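Have a look at the structure below before the remarks.
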Amino acid sequence: MEKFIVKGGRPLTGEVAVSGAKNAVVAILCAALLVEDEIILENVPDISDVWVLTDMIEALGGDVTRISSGTYKIDCRNLSTYVADVEKCKKMRASYYLIGSLLGRFHKACVPLPGGCNFGTRPIDQHIKGFQSLGCSIDIRNGVIEADGEELHGGQVYLDVASVGATINIMLAAVFAPGNTVLENAAKEPHVVDVANFLNSMGANIRGAGTDVIKIKGVKNLHGGTYTVIPDQIEAGTYMIAAAATRGDVVIKNVIPKHMDVLSAKMVEMGIEVWEGDDEIRVVANKSLSRVNVKTLPYPGFPTDLQPQMVALLTTVDGTSIVTESVWDNRFQYIGELEKMGCRITVDGRVAVVEGGTHLQGAQIKATDLRAGACMVIAALCAEGESEISDIRHVDRGYERIVEKLSALGADIKRTND
Ligand code: EPZ
């Protein structure tokens, strides 16, 4: 089983380039099923979620060719089925996007309930509510979602929660739905906007992505073309936090600074220097930092996907910080691993009280999910001595070449195979 071996205590310095956004590309790859033409997709991150999804597309009859590093040619003219592969779907959460795209393409879909990070219940009731509003019938039998959309039509959907997945999935199902679809209380994350931009560049008619109300006018078909995936907001934030936690000086390149606003503001509040360029952000943390409180919220609030990484940073800052997780009901499971390194954190439901000023000690820890894995890496980079991080397959789902990127910043990190 592969592990990371990290020797901590070295400030990160230098430059790191952010890859394409995982949570955009997993949706865009599913959206490609709607396009009966050739697509060239650029800035695709080399991560395992992409490998799994491209396998799924080929299992459905699509053709995916890696043209060069980060660039794929996708051709879904010859899809042969609307039944998704069970084992592949269980490996990730984003497989649920196959429901919306297969419904849009075939008016039918058979997709197993998704897998993905385990931090509490991860319902899909809002996805189902949206599909039903478009005239689809949904049955769940033996863990498989069977969707029938023979009478697919535009509809009105008001989401109970601003769900990223439901927003994108309903958008996918509505692209060809005759008439108009209005989606209210929509999620506004950058990756939601990127999926809408991808679809519109292929001939869809989607307006309002990035606001609370998205309007989709059904079109007859989509044409091919070339599209470049946006930079990964969460990968960028992870490196910003790692730079600050190690008291380093790092330029994070290939970012959209606007996407990082809430993290940049929180860092400035802590006394970290944040310098913004057109497509880069420099983080300098060479003096004592102040504790802060953090509350995760849907975009443009503080991203829940940066919550674990932020807790790692806050353990190194004097004083007590309060972190409230408003999006997921059980996203502090990784705290037990941090406590092995000497952290003092009290969790009560969705609130974590972080006693700062900890001199982290290297330990044998494990990645309990994707972003918890990033938290373990950051903590190990700050810790005195050596840490061994296991279950790093979670980290490889969402961070391209993390060992190479951190090593180039001066980190002592290696990947080993037991
Ligand atoms: C996406 O998950 C991301 N995954 C998650 O990132 C991220 O944490 C989450 O959005 C929130 O930003 C992908 O994009 C592949 P939601 P998703 O639907 O779509 C409730 C990572 O680390 N909800 O926005 O599953 C749900 O319980 C991953 O990259 C319902 O109640 O999240 C949660 O409380 C981890 N019913 C809230 O909404 C539904 O039908 C937000 O969930 C759907 C969601």
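Place a point 7 Å from the Cα of R344 along the Cα-to-Cβ direction; which residues of region 304-331 have their backbone N under 15 Å from it?
Taking a point 7 Å out along Cα→Cβ of R344, the residues of region 304-331 whose backbone N falls under 15 Å are 315-322.
Set the Förster distance to 30 Å, then compute FRET efficiency between L113 and H153 from the Cβ-Cβ distance, nearest 0.05.
Between L113 and H153 the formula returns 0.70.
Among 48-55, 407-414, how do they line up by average Cβ neighbours within 10 Å per residue, starting with the highest?
Sorting 48-55, 407-414 by mean packing, highest first, produces 48-55, 407-414.
Please report Rg over Rh for the chain, where both radii come from the alpha carbon positions and Rh follows the Kirkwood definition.
Across the chain, the Cα-based Rg/Rh ratio is 0.98.
Evaluate the Debye formula for region 99-241 with equal point scatterers sitting on the alpha carbons, no solvent, and hand back log10 of I(q)/I(0) at q = 0.13, 0.17 Å⁻¹, in q order, two decimals.
-0.57, -0.95
Quick one: divide the alpha-carbon radius of gyration of region 110-153 by 2.2 N^0.38 Å and tell me what you get.
That works out to 1.25 for region 110-153.
Hey, what's the chain come to in accessible area per residue, 1.4 Å probe, Å²?
Each residue of the chain exposes 37 Å² on average to a 1.4 Å probe.
Rounded to the nearest 0.05, what FRET efficiency do D212 and N180 give with R0 = 22 Å and r taken as the Cβ-Cβ distance? Could you check?
Efficiency, from the Cβ-Cβ distance: 0.85.
What shape does region 275-409 take by its C-alpha gyration tensor, where a ≥ b ≥ c are the square roots of the eigenvalues and a/c under 1.5 counts as rounded, a/b above b/c as prolate, and the rest as oblate?
Because its axes are fairly even, with a/c under 1.5, region 275-409 counts as rounded.
Report, by chain and number, residues whose modeled amide H sits under 5 Å from the one on F302, excluding near sequence neighbours (fewer than 5 apart, same chain).
Amide H neighbours of F302, under 5 Å, 5+ apart: L297.
With r defined as the distance between the Cβ atoms of T121 and E355 and R0 fixed at 30 Å, what FRET efficiency is calculated, to the nearest 0.05?
Once the sixth-power term is evaluated, E becomes 0.55.
Relative to the first principal axis of the alpha-carbon coordinates of the chain, what is the inclination of helix 190-201, with its axis defined by its Cα atoms, in degrees from 0 to 90 and to the nearest 10?
30 degrees
Taking H as built 1.01 Å from N, whose amide H comes closer than 5 Å to the amide H of A17, not counting residues under 5 places away?
Under 5 Å from the amide H of A17 lie the amide H atoms of K253, each far enough along the sequence or on another chain.
Determine how many Å³ per residue the convex hull of the Cα atoms of region 15-89 encloses.
Measuring per residue, one finds 80 Å³ for the Cα hull of region 15-89.
Whole-Hz Karplus ³J(HN,Hα) for region 324-338, in order, using 6.51 cos²θ - 1.76 cosθ + 1.60 and θ = phi - 60°, x for Gly and Pro?
So the J values, rounded to whole Hz, are 10, 9, 8, 8, 10, 8, 8, 10, 10, 4, 6, 4, x, 5, 5.
Determine the relative contact order of the chain: mean sequence separation of Cα pairs under 8 Å and six or more apart, normalised by residue count, in whole percent.
21 percent
Could you work out [θ]222 nm for the chain from helices alone, using -39500 (n - 2.57) per DSSP H run of at least four and dividing by all its residues? Round to the nearest 500 deg cm²/dmol.
-9000 deg cm²/dmol
Which order do peptides 173-181, 366-374, 22-30, 388-396 fall in by mean Cβ count within 10 Å, highest first?
22-30, 366-374, 173-181, 388-396
Any chance you could give the angle, 0 to 90 degrees and rounded to 10, that helix 48-59 forms with the longest Cα principal axis of the chain?
Here the helix axis deviates by roughly 20 degrees.
Taking the Cα centre of the chain as origin, work out the dipole magnitude from +1 charges on Lys and Arg Cβ and -1 charges on Asp and Glu Cβ, in debye rounded to 20.
For this selection, approximately 260 debye.
Run through all the Cα pairs of region 188-254 and give the fraction in each 5 Å bin from 0, expressed as whole percent.
P(r) over region 188-254, rounded to whole percents: 4, 15, 19, 15, 14, 11, 9, 7, 5, 2, 1.
Once neighbouring chains are kept in place and the probe is 1.4 Å, which whole percent of the accessible area of region 250-399 is contributed by carbon and sulfur?
49 percent
Going by Cα centres, region 250-307 and region 1-75 are how many Å apart?
Value for the Cα centre distance between the two parts: 25 Å.
Provide the per-residue ³J(HN,Hα) series for region 84-100, in order, calculated from phi with Karplus coefficients 6.51, -1.76, 1.60 and θ = phi - 60°, each as a whole number of Hz, with x at glycine and proline positions.
3J(HN,Hα) across region 84-100, in whole Hz: 7, 6, 4, 4, 5, 5, 6, 7, 7, 7, 5, 4, 5, 5, 5, 5, x.
Measure off 7 Å from each Cα along the Cα-to-Cβ vector at N205 and L297, then give the distance between these two points in nanometres to one decimal.
Result for the modelled spin labels: 3.5 nm.
The values are calculated or read from the model by the stated rules, or taken from the named source; none is laboratory data. Computed from a predicted model, the values in this text were never measured in an experiment. Reconstructed Cβ throughout: ideal geometry from the backbone, glycine too, with neighbour counts over all protein chains shown. We work out accessible area using only protein heavy atoms, side chains counted, and drop any ligands, DNA or RNA first. Shrake-Rupley method; radii C 1.70, N 1.55, O 1.52, S 1.80 Å.
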